[in-house]
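Everything below concerns the one structure shown next.
The values are calculated or read from the model by the stated rules, or taken from the named source; none is laboratory data. If you're wondering where the values come from, they're calculated on a predicted model, not measured in any experiment. In this analysis, Cβ positions are derived from the backbone assuming ideal geometry, glycine residues included, and neighbour counts consider all displayed protein chains. We work out accessible area using only protein heavy atoms, side chains counted, and drop any ligands, DNA or RNA first. Shrake-Rupley method; radii C 1.70, N 1.55, O 1.52, S 1.80 Å.
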Amino acid sequence: MKLFVPNGLRRAGLAASAALFLHACAPNQDTPSPVVGLDVSRYLAVGDSYTAGLSNGGLTRTSQEYSFVNLLARQFQNASSGAGFVQPLFDGNEGSFRLAFNGYSPTGFLQAKRVPGTAVRRTVLLTSACGTAPDTLRLLKRSSTAATLPQNLGVPGLMLSQIDAVGLGNEASVGSRPVNPYFERLLPAGDDRTYFQVLSTAASSATFFSYFMGLDEIMPFVRSGGTCGAIPSSLPMKRAAKRILDVLTANKRPGVIVKLPAITSLPLLSQGRGNEVEARLQAYYKDQLPLYIETPFVPGASQRITDRDYILATALPRLGQPTPVQVGSTTMMLPYGRDSRNPVRDADVLENTTEMVYITAAINDYNNFDPVPSNATTVFGLAGLARIYGLPLIDPSQNSRLFDAGFLFNNVTNSISVNGVVYTAEPVRGNFFSLDFYSLTPRGNGLLANSFIAAINRAYRSNIPALDVNNLPSTTE
Amino acid sequence: MRARLLFLLPLFSGLTAAASGFDTGPQGARVLGLGGASTAYIGSIAGLSTNPGLLGQWGDSLTRISLGGFGQIRRSSFVGQDTYQRTDQDLTVLPGGYFYATRAVSKRVSVGLALTTPYGYHTKWPDTWEGRSVIQESKLNTFFAQPTVGFKLNDNFSAGVGLVYAFGKYTQRRALGQYDDPTAQATLTSSGSGYGVNVGLYGRTGDNLAFGISYRSGIKLKMDNGAFHATGIPARDASILPGAADFTTQINLPSTLSVGIADRITKKLLLTFDFALTGWSTLDSLKLNVAASGPVPARVQRTARRYEDALAFRVGAEYQVTPKLLVLGGFHYDETPIRDEFVNPEFLDANRAGASAGLSYQLSPRFAVEAAYSFDYGQLRTARADQTRFLVSNVSGTYRTLTHTASLGVAAAF
């Protein structure tokens with residue numbers, strides 16, 4: 001074609017193609033610049049397992065790095081210079097006792113195996129409050145932040161009813177008083193201070209706080225299928241929350257309060273919803289056998305499972321497995337839960353009438369109690385406290401159709417798609433919950449951090465960028 | 001004469017749907033320079049693909065050939081709604097080409113052939129961008145062959161009909177972002193063909209004013225040879241996601257109804273107006289029927305598109321500068337078939353305003369070279385993903401798209 005094109009035109013053509021490529025630079029768009037409408041230079045995180053960064057049933061250096069509070073602090077740091085955040089990190093790759101992925105059972109249920117902790121410094125066997133097997137207390141290597149207190153005061157397993165327990169973080173209490181090994185490693189050796197005292201000290205220099213606490217109060221009862229510990233009661237929880245929040249909000253310190261998610265949105269329960277499990281087992285065994293649970297009130301009797309009863313996810317792989325049962329004078333091998341003579345034991349199931357209703361009521365009251373009118377003796381729930389303090393509140397179960405922030409727990413239970421990646425409540429494959437059916441994966445923590453950011457942006461007129469959660473790892477293993 | 005046409009303007013501007021979508025624009029350098037307003041334009045035989053009714057107008061003793069190539073760069077930038085991160089699409093050039101030939105077989109009947117590449121796109125995002133699990137790269141190429149017969153009804157009117165054979169190839173690549181392995185990917189490849197028909201009418205009232213009307217049917221590209229491949233799937237998920245599977249799908253290319261007017265204002269200046277309605281609404285969703293593979297049962301995978309019919313308005317001008325040199329200019333406005341809630345980074349489009357310029361230089365009485373360039377500026381599009389709607393894989397943010405098209409060709413008559 002060149003032959004036909006005179007020189008002048010050829011030059012014009014070259015110029016035209018050059019112009020084409022010059023103009024082909026991507027269309028310009030302005031990116032918003034980050035604005036932080038509040039002082040985040042000293043962020044204090046108060047809470048339990050979620051705040052500490054528990055994942056796969058344990059706390060490791062990696063899981064701490066991916067705690068939602070640390071992810072949040074990282075976004076603060078990117079948006080505002082001088083925002084430091086000190087965590088009580090384990091050294092190297094060390095961590096506590098935890099779980100690891102161990103395939104699926106033939107019935108398709110997730111299985112996990114135990115991994116010994118590398119940061120355990122002392123193991124003590126204690127008499128168990130319930131059951132015959134002793135409890136194992138594993139004391140952990142002390143945090144290097146013990147002298148000064150870290151900014152992440154999340155303590156796995158910390159109960160609201162323990163915030164005034166003296167010696168909770170003192171090794172000397174072992175055997176006589178409750179000890180929380182995760183709290184113990186935050187303090188200097190032999191320190192008798194209570195969590196409330198520690199928190200009050202740390203709060204004095206904080207400029208911003210987050211409060212996400214209360215689930216670990218209820219979890220021991222839930223994990224034991226309602227066989228260990230008292231039935232959860234919201235009144236002491238609300239009183240403890242008010243004491244903590246009074247300190248945290250002193251001098252109008254800004255912060256964010258988190259409501260607890262519905263207990264049924266945790267995979268520990270949602271994976272074991274009565275009718276679904278029954279149908280799944282029937283599909284696997286290709287039969288129509290019902291699933292039986294022990295009848296509350298009547299020891300030894302069994303009843304068919306309902307959709308309001310939840311089998312703990314940790315017990316699911318055992319369903320249908322033959323176990324020895326004493327029938328009359330003989331011992332028979334009967335499929336666990338699939339024979340009325342071998343019902344699912346009380347410890348493996350949260351039954352509706354005596355367990356679920358109390359747990360749900362306690363969480364509802366703790367989250368929402370805000371009566372109109374109220375008086376001086378009213379003990380408010382988190383919603384009422386947030387209103388009084390004028391603080392934003394993150395509700396993990398709010399609907400994403402209303403706010404970008406609320407795509408959590410309940411929405412994850414119904415599955416959500418985040419930039420083309422589907423998140424569900426199924427641990428491992430769902431990428432949100434970790435192997436313990438309760439705590440979050442780094443991506444789950446990322447989604448939680450993003451809903452915090454959205455709440456902060458709305459409430460404090462800020463422009464803090466969110467995380468690309470699909471960039472985070474799907475497990476801390 | 002000009003006043004006669006002005007009444008059309010409010011008529012057209014009042015309509016709020018339009019063309020664009022993934023058509024690659026006018027199929028010929030000269031009609032590209034004219035902004036695509038070629039339904040009643042007989043200056044180039046490239047009009048054959050727009051309106052077969054024009055064919056009768058080239059019914060003299062000459063054989064005409066027009067051929068050339070074009071390149072299209074369609075590039076978008078993205079700013080994440082919450083992450084504020086900007087991502088620019090990688091630079092890709094979608095190649096295209098055209099070949100036209102016409103010849104009279106009798107006083108009244110002419111035959112012609114049009115080979116064109118009227119639809120296509122090539123979207124390529126950086127492999128690590130925010131929406132990588134929605135799309136990394138997507139490509140559609142089409143090739144149309146249209147043998148045409150034209151009839152000269154009388155001195156002023158002609159009609160034509162063409163049979164369209166269309167072939168298309170579709171490939172898509174996306175990350176499997178549910179896995180930590182950054183190389184985990186799923187690819188789709190398929191190709192297929194379909195038939196359609198193109199009919200048109202051309203008429204002249206006196207020497208100065210001409211009009212044309214044409215309709216090209218929609219074409220269903222049936223793709224039965226689709227291949228799905230996935231890499232990087234961990235062993236634990238082998239039972240739910242296959243490494244390879246066959247699939248079938250169908251891509252519906254839209255019908256087009258065009259109406260045009262050409263008005264010779266002076267001896268040297270010709271103005272053309274076109275108005276096209278493109279039936280994009282046949283593109284409702286991309287549905288893949290994936291066959292069973294190993295332990296994984298057959299399934300249907302669907303992505304909603306929900307395109308709307310769309311209108312385009314085009315104006316072109318041709319000016320004879322010297323006996324050998326013609327310059328062309330055009331303006332067009334295309335509204336997008338893509339609704340706000342279905343904006344998808346696989347193929348981005350917006351209401352576009354575009355301008356074009358071109359020239360035709362007569363090297364000898366029988367031979368001319370033609371060149372043109374066109375630029376489209378797209379409106380800013382805002383996508384808000386609804387995480388509970390799985391049918392629409394989306395990434396929240398704003399998109400802006402610019403399109404550049406350049407074409408070079410020759411026209412000969414002998």
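Only one of these is within 30 Å of B:G59 (Cβ to Cβ) and either in contact (Cβ under 8 Å) with a residue 24 or more places away in the chain or not in a strand (DSSP E or B) (or both): B:G177, B:G192, B:G200. Name it.
Numbers: B:G177 fails: within 30 Å of B:G59 (Cβ to Cβ); B:G192 fails: within 30 Å of B:G59 (Cβ to Cβ).
On inspection, the qualifying residue turns out to be B:G200.
Report whether or not A:P181 is under 30 Å from A:Y366 (Cβ atoms), surrounded by 21 or more Cβ atoms within 10 Å (Cβ to Cβ) and in contact with a strand residue (DSSP E or B) (Cβ under 6 Å, 6 or more places away or on another chain).
So A:P181 fits the description; yes.
Would you mind telling me which numbered condition in (1) within 8 Å of another protein chain (Cβ to nearest Cβ); (2) part of a loop (DSSP other than H, G, I, E, B) B:A406 fails?
(2)
Out of the residues in the range A:105-158 that are in contact (Cβ under 8 Å) with a residue 60 or more places away in the chain and on the phi > 0 side of the Ramachandran plot, which is farthest from the chain's Cα centre (by Cα)?
A:G131
Considering only residues that are among the polar types (S, T, N, Q) and not in a loop (DSSP other than H, G, I, E, B), look in the range A:457-475 and name the one that is surrounded by the fewest Cβ atoms within 10 Å (Cβ to Cβ).
Ranking the candidates gives A:N463 first.
How many of the residues making up the range A:392-416 are more than 8 Å from every other protein chain (Cβ to nearest Cβ), assigned to a loop (DSSP other than H, G, I, E, B) and either surrounded by fewer than 23 Cβ atoms within 10 Å (Cβ to Cβ) or modelled with pLDDT of 90 or more (or both)?
Counting residues in the range A:392-416 that are more than 8 Å from every other protein chain (Cβ to nearest Cβ), assigned to a loop (DSSP other than H, G, I, E, B) and either surrounded by fewer than 23 Cβ atoms within 10 Å (Cβ to Cβ) or modelled with pLDDT of 90 or more (or both) gives 6.
Return the residues of the range B:66-113 that are away from chain A (no Cβ under 11 Å), aromatic (F, W, Y) and surrounded by fewer than 19 Cβ atoms within 10 Å (Cβ to Cβ); say none if nothing qualifies.
Matches in the range B:66-113: B:F99 only.
All but one of (1) buried (at least 19 other Cβ atoms within 10 Å of the Cβ); (2) part of a loop (DSSP other than H, G, I, E, B); (3) more than 8 Å from every other protein chain (Cβ to nearest Cβ) hold for B:L326, so report the exception by its number.
Status for B:L326: all satisfied but (2).
So which of B:A353, B:A411, B:A317, B:A357 is part of a strand (DSSP E or B), facing chain A (nearest Cβ under 10 Å) and at pLDDT 90 or above?
When all the criteria are applied, what remains is B:A357.
Being part of a loop (DSSP other than H, G, I, E, B), within 14 Å of another protein chain (Cβ to nearest Cβ) and β-branched (V, I, T): is that true of A:T107 here?
In short, yes.
Would you check if there is a residue in the range B:48-64 being open to solvent by less than 20 Å² (accessible area, probe 1.4 Å), out of contact with any Cys (no Cβ under 8 Å at 6 or more places or on another chain), within 14 Å of chain A (Cβ to nearest Cβ) and of a type outside the set (D, E)?
No, the range B:48-64 contains no residue that is open to solvent by less than 20 Å² (accessible area, probe 1.4 Å), out of contact with any Cys (no Cβ under 8 Å at 6 or more places or on another chain), within 14 Å of chain A (Cβ to nearest Cβ) and of a type outside the set (D, E).
Please enumerate the residues belonging to the range A:429-456 that are in a helix (DSSP H, G or I) and of a type in the set (S, T, Y).
Pass one, the range A:429-456, residues in a helix (DSSP H, G or I): A:442-456.
Scanning the range A:429-456 gives a single hit, A:S451.
Could you grab the pairs with beta carbons closer than 7 Å, sequence gap of 6+ or different chains, first residue in the range B:304-320 and more than 22 Å from B:D349 (Cβ to Cβ), second one assigned to a loop (DSSP other than H, G, I, E, B) and open to solvent by 20 Å² or more (accessible area, probe 1.4 Å)?
B:E318/B:G43; B:Y319/B:K268; B:Q320/B:K268
Looking only at helices (runs of 4 or more DSSP H) that lie completely in the range A:1-79, which have at least 1 residues being open to solvent by 20 Å² or more (accessible area, probe 1.4 Å), more than 10 Å from chain B (Cβ to nearest Cβ) and modelled with pLDDT of 80 or more? Write out each step before concluding.
Numbers: elements: A:7-23, A:49-52, A:61-65, A:68-79.
By residue number, A:61-65, A:68-79.
Take the range A:421-456 and flag every residue that is within 13 Å of another protein chain (Cβ to nearest Cβ) and aliphatic (A, V, I, L, M).
If the condition is that a residue be within 13 Å of another protein chain (Cβ to nearest Cβ) and aliphatic (A, V, I, L, M), then A:V421, A:V422, A:V428, A:L435, A:L447, A:A449, A:I453, A:A454, A:A455, A:I456 are the ones that fit.
Residue check: is B:L153 surrounded by fewer than 21 Cβ atoms within 10 Å (Cβ to Cβ) and under 25 Å from the mean Cα position of the chain (by Cα)? Show your work before the answer.
Numbers: surrounded by fewer than 21 Cβ atoms within 10 Å (Cβ to Cβ): yes; under 25 Å from the mean Cα position of the chain (by Cα): no.
Judged against the criteria, B:L153 is not a match.
For B:Y170, work out the one condition from (1) open to solvent by 30 Å² or more (accessible area, probe 1.4 Å); (2) within 19 Å of the chain's Cα centre (by Cα); (3) closer than 30 Å to A:T424 by Cβ it doesn't fulfil.
That leaves (1) as the condition not met.
Tell me, which residue of the range B:114-134 that is open to solvent by less than 20 Å² (accessible area, probe 1.4 Å) and of a type in the set (S, T, N, Q) is farthest from the other protein chains (Cβ to nearest Cβ)?
Result: B:T116.
Looking only at residues in the range A:327-353 that are free of Cβ contacts under 8 Å to residues at least 40 places away in the same chain and open to solvent by less than 20 Å² (accessible area, probe 1.4 Å), which one is farthest from A:T306 (Cα to Cα)?
Here the residue is A:L334.
Considering each residue of the range B:1-40, count those that are more than 25 Å from B:K169 (Cβ to Cβ), open to solvent by 10 Å² or more (accessible area, probe 1.4 Å) and modelled with pLDDT of 85 or more, and give that number.
Residues that pass the stated criteria total 1.
Select from the range A:107-135 the residues that are open to solvent by 60 Å² or more (accessible area, probe 1.4 Å), at pLDDT below 90 and of a type in the set (S, T, Y) and list them in ascending order.
A:T127, A:T132, listed by residue number.
What is the residue count in the range B:204-216 for residues that are more than 16 Å from B:L271 (Cα to Cα) and open to solvent by less than 20 Å² (accessible area, probe 1.4 Å)?
Number of matching residues: 1.
Applying the selection to the range B:223-277, what residues are among the hydroxyl-bearing types (S, T, Y), out of contact with any Gly (no Cβ under 9 Å at 6 or more places or on another chain) and open to solvent by less than 10 Å² (accessible area, probe 1.4 Å)?
Correct list: empty.
Return the only residue of A:R223, A:R239, A:R253, A:R243 being open to solvent by 10 Å² or more (accessible area, probe 1.4 Å) and either within 25 Å of A:S462 (Cα to Cα) or outside the structural domain of A:N411 (by TED's automatic domain parsing) (or both).
The match here is A:R253.
Considering (1) closer than 20 Å to B:T171 by Cα; (2) touching a residue at least 60 places away in the same chain (Cβ under 8 Å); (3) not aromatic (F, W, Y), say which one B:M223 fails and leave the rest.
All conditions are met except number (2).
Going through the range A:417-432 one residue at a time, which ones are within 22 Å of A:N56 (Cα to Cα) and open to solvent by less than 30 Å² (accessible area, probe 1.4 Å)?
A:V421, A:Y423, A:A425, A:P427, A:V428, A:G430, A:N431, A:F432
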